[in-house]
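Presented below is the structure to which this report refers.
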Amino acid sequence: MKQLNRIVLVNWYVLGAIEIPIKGNVAIVGPNGSGKSSLLDAIQTVLMGGHKRYLSFNASAGEKSERSLRTYCLGMMDDSGKKGNAREDALSYMALSFFDTETARESCVGIAISASTASADEDILGRFILQDFSVSLDDFTRRDGEGRLPRPWNEVRASLLKACPDMVLEKRANRFIREMVTHLSHDPQMPNDDDKFVKNFRNALKFLPIDSPTRFIREFVLDESIVHVGAFRKSLDEYRAMEHKTLEVSRRIEELEKVQELCKGIARNVRNAVEYEWVVHESRFENTDLKKEAAAERLEENQEKESGYQLALEQKSDQLNQIMQDLAEARARLNNTDSAHQIKALESAVTARQHELGGIKDRIQHVHGVLRTTVGFASFEQLMPENFRPVVQQSVGLWREGGDMMADLWPESPVEVDNNLDQLKKHVDGVRREIARQFERSVIRMNELRSEIQNQKGAVEQLKQGRAPVRRNTQELMELLAEYGIESTPICELVDINDDKWRVAIESFLGARREALVVDPDRVKEAITIYRRKGRHLKGSRIINTTKSDDWLGRYKAGSLAHFIDTDNDHARAYMNRALGSVMAVETETELLRHERALTYDCMLQSEGSTTSINEMQPIMGIRRRASQLEVQGRQVDQMVNEFATLGKQHSALEKLRDNLISLANALLGVNARVFDLVNQREQLNAEIEGQRQAVEDLRNQDDSGIQQAIAEFVAAQKKAGDEQKQLMDRLQKARTAMIKDNAAVEVLEQELVEHSAARGRCQENPIFDAQAAQEKRDYLDETCVGELERVIFEAAKKAQAELQLHEKKKNGVRDAVAQYKARYHGGGLSHQALDMISSESTHEDLEAFVDKTVTVLVDSELAEYAKKAERARLEAETAFRSDFVAHLNDQIDKIKDLIRELNSHLKNRPFHKEMYSFEMMPNPELKDILELVEAYTRMDQANVGSLFDLKNDGDKPHHQALEKIHDVLKDEGESSLLQDYRNFYNFELVVKDLDGNRKTTLTQRIKTGSGGEHQVPFYVAMAAAMGATYRLREGADGRPLGGMSLSVFDEAFNKLDSENTMTSLAFMNDLGLQTIIAAPDEKYSLLSSCMDTIINVCRDGRVVDIDVEFPTAKGKELLNSDHPRTLLAAMSQDSQNETLEPA
């Protein structure tokens, strides 16, 4: 056996130069953080050749450890949260000396490392192996006073080469590990497996409590070896892509075939439209021909009527002429008498008097209308002067009298009307001017109210937002400054008044200064420049000179108004001191007169030698009064709105009253005569007209010659003959009009017949016209419309239009479908060159030709090509599956079986606690179907597997679900690791048997019911067996183990085991021939001293680590074991057995 017997460390961790002797099994004991793991890390650094990928520093800390080769060499440590280095630059040496118990010779392996705080990485200077040579501190250091300093690597290397010419130097860590394992193997000609050594050594060092046999085997027994499925996935993806392409081409063909159906439908629609159009023209021709015959018949009938009416009219004209001649002779006889001349003169006089009487009546009616104007004043009595109201009331009463009597009798009292008109003329101008002044005042007040309401509403909105209700100009100036990135705040937002008694007085005194803007001193000049250049129209706004704020912070008089100001802003405080610091707060007149500037709480101001009462203003300062300010402002807005509504109604009334007064004044200007005189003239003229009419009647009654009777008869006869003549003329005119219409109708109908015939001929000349189908459509319409030609024409035209609309709709559908096809598929495939020729200007014929050609190309070329590529990709996927996946997975599965078989062979015949252990493997249920597929695919009869990846061909084959799972897993890059890691395909179980080989239980079942230590022990046994297999340890002829290096290192791995299981496990490892090194806490000292050969005590005080080595003697171990509960129980059991065996 080749056992570690010495550790030499130089500049490792906080250790300077130290040499640690070792014998047999070693326990490194010390408190947490004392540096136990640093010794184990030094051992693994040498054995792993400093290979970073293999190192697991401070393994018990898991992934939390921040240690590295560089930090170890520089002595970096974290002491109570204070990190620091023991050295700035370091040259570190580590060497392990192994003693061969068979040859009594030593061999040494070591490493030299250089590190510096100036560099982020360490530098491994050399890895060396010294066969049959022992090293000490003197080989790596030289004395310096009481201490030691490291020798340069070149010097050390030269001295070692001189002392051991066979020294092996290796630059690469893997080569170093292989050479080391070879030199330290029992038979260098048959060296141990260096890969197994690295794996199992690291597993032991990192070993932690395990919760399942499967996890133990996967993490601590099996190597990590990824089954590469890249080519397999690539081929499978290519197959999927080609399959997708094939489906895409099929979809494109299906889309274009639908377009072809649309094109065929368009042809049918065009043919149907032509045939229905022929039916329309044929029916119209027939209908027009019938109308022409009817018009010709009416024309002949009206010609006959015209001749008859013309003859009757000539006879009636002769009769009328005779009657008119007789009437003229009778009137001539009458005009030759004296009474006729007198009647004419009297009738002329009556006409003249009637004309004069009409003028008089119009003037009286005008007066009545003037009085009617006053009726509209009744609604505005409250607006008129009191002395004008009675006049208006009288005018209304006089006007109403005219409604109760005839127009010829009004007015009943002309004198009263004249007096009323005089009063109206007297007052109307004055009243009109007064109403006009009231109207102007209402306009002014409404404008003021409108402006005030707008301002108040703006103030309310600002209060609702928690801001002071500043004026519009101030708001615009703040917005202007904000556009240039200058923040400004009004004084009223920053200042409050701490005494409500003085609030109104102080705010009224400040006035617009309450809205002065506070700006950062660094930007106040820029703000004033912007105000001057951009905002000079914003009159009354202010920007405070905050650059002088420091000068005014403490300048105010005692008892001034400044004492009532509260603010946290220095600029606001300085401005208030400047404005109020010299104005004294007083309450009496005596105090008011005593000071140059003073103010009372009721707004009396003493300034510049005079006293005045200042206007009270609405308070706006202070955030704490925003709620009350909002309530007051809201009430004021409501009051002003109500006032504005009332004033608006009054304004409308004043406007109407003003207009009525203007109309009345203009009407009064037209009254220029007394109503009394007009009434007298009307009565006189009525009397004269009546007398003259009576005279005419008397003269007519005196005529007894019989001439009047004859004239009356002639007049009646003339009237009758004239009416009859007129009737005949009307009939004649109607007949002639009808003849003209019929004549024109015949001409129009003849022209229509020509047009319908030509249109019908054009339909028949169309190549797609089918005469038989057209006639069938005509016969069908005749039958459904009961022979009514107008209905036939209407239905045929309707159907033709519907076919044309459907034709256009389908054409648009074809265009849209081709456009969508182009947008979806342009840029790929073999048949897309023609798409570049298709545009919005393409005709329907171009589109139809493109569709037909594209369908042919897709069916004949692209579909076949993609199907061929898909089949090739499928075959490549199967090939890749067979070579990359199946073959590799089979190799790894065989390796699993070999490792389990080897592990079980080491566990066989090695009882532990009267139990035997062995591992079993079983397929992972999640991947069992894939395993079956792999087994089936590796058999000679691969034909039974079928077409592996063409799932749609055979959905019922035995491995269909496995293939679907492979498809699904490989789609996700993350889930594909499930297939790539061969360790996932099997689960493992540790079987517990009795000494006769009978199965007792499984570790999984024991974990559910047993204690923690009980179910962890088998894993330690298995780990020890794995280490024994790695070192090829075997039992010699004398019963002792044989082998080379057998070092197994555990970092606090036994902490979870009780003392009995710990001692038993360590004894088991010792029986196997393993040299065990473990790190354990202080409380394990007594236990480990009773069973370990070397105890290394480690303790740390700050940055000083002290190491003390002890070698427990056999007598000491016996004493420590004497009071062990296990020993006592065994002794008691033996005594009871002896008592039982003694003879009675």
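Please treat every number below as a calculation from the coordinates, not as lab data. Note that this is a predicted model, so its numbers are computed, not measured. Here the Cβ is made from the backbone with ideal geometry for all residues, glycine too, and neighbour counts use every protein chain on show.
One Cα centroid belongs to segment 132-186, the other to segment 749-814; the line between them spans 113 Å.
Quick one: if the Förster radius is 35 Å, what FRET efficiency do ARG594 and ARG635 give, using the C-beta to C-beta distance and rounding to 0.05? Numbers along the way, then the final one.
Details: r = 39 Å, r/R0 = 1.13.
Computed FRET efficiency for ARG594 and ARG635: 0.35.
Mean projected area of the Cα convex hull of segment 469-621, taken over all directions, amounts to 9.1 nm². For segment 655-667, putting each phi into the Karplus relation 6.51 cos²θ - 1.76 cosθ + 1.60 with θ = phi - 60° gives couplings of 5, 5, 5, 4, 5, 5, 5, 5, 5, 5, 4, 5, 5 Hz, in residue order, rounded to whole numbers and with x for Gly and Pro. In plain terms, if you count all Cα to Cα distances in segment 92-220 and split them into 5 Å steps from zero, the share in each step is 2, 9, 15, 18, 17, 14, 12, 7, 4, 2, 1, 0 percent.
Report the full-extension gain for the segment ALA771 to ASP195: residue separation times 0.36 nm, less the Cα-Cα distance, to one decimal in nm.
Numbers: separation 576, 0.36 × 576 = 207.36 nm, distance 9.62 nm.
Stretched out fully, the ALA771 to ASP195 stretch lengthens by 197.7 nm.
For segment 283-295, the Karplus equation 6.51 cos²θ - 1.76 cosθ + 1.60, evaluated at θ = phi - 60°, returns couplings of 5, 5, 4, 5, 5, 5, 5, 5, 5, 5, 4, 5, 5 Hz by residue, with Gly and Pro reported as x. Each of HIS51, HIS906 was scored by other Cβ atoms within 10 Å of its Cβ. Listed from fewest to most, they are HIS51, HIS906.
Please report, in debye to the nearest 20, how large the charge dipole of segment 469-621 is about its Cα centre when each Lys and Arg carries +1 at its beta carbon and each Asp and Glu carries -1 there. If you can, show how the numbers build up before the last one.
Working: 21 positive and 25 negative charges, 155 e Å.
Charge dipole, segment 469-621, about its Cα centre: 740 debye, nearest 20.
One decimal place: the segment GLN618-LYS305 gains 102.6 nm when fully extended, by the rule 0.36 nm per residue minus the C-alpha distance.
A DSSP coil position with no more than 14 other Cβ atoms inside 10 Å describes the following GluC sites (Glu not before Pro) in segment 549-645: GLU587, GLU596, GLU608, GLU616.
Exactly which trypsin sites (Lys or Arg not before Pro) in segment 432-475 are in a DSSP loop and have at most 10 other Cβ atoms within 10 Å?
Answer by residue number: there is no such site.
Taking amide H atoms as placed 1.01 Å from N in the peptide plane, the amide H of TYR986 lies under 5 Å from those of ASN924, each 5 or more residues away in sequence or on another chain.
Amide H to amide H, with H built 1.01 Å from N, ASP981 comes under 5 Å of VAL227, counting only residues 5 or more places away or on other chains. Each residue of segment 184-189 is assigned a 3J(HN,Hα), and the resulting list reads 9, 6, 5, 10, x, 6 Hz, derived from the Karplus form 6.51 cos²θ - 1.76 cosθ + 1.60 (θ = phi - 60°), x at Gly and Pro.
Working from label points 7 Å from Cα in the Cα-to-Cβ sense, the SER119 to ASP996 distance is 6.8 nm. Approximating the spin labels as points 7 Å out from Cα along Cα→Cβ, the ASN904-to-LYS525 distance works out to 9.5 nm. Amide H contacts under 5 Å for ARG1034: LEU1042, restricted to partners 5 or more places along the chain or on a different chain, H placed in the peptide plane at 1.01 Å from N.
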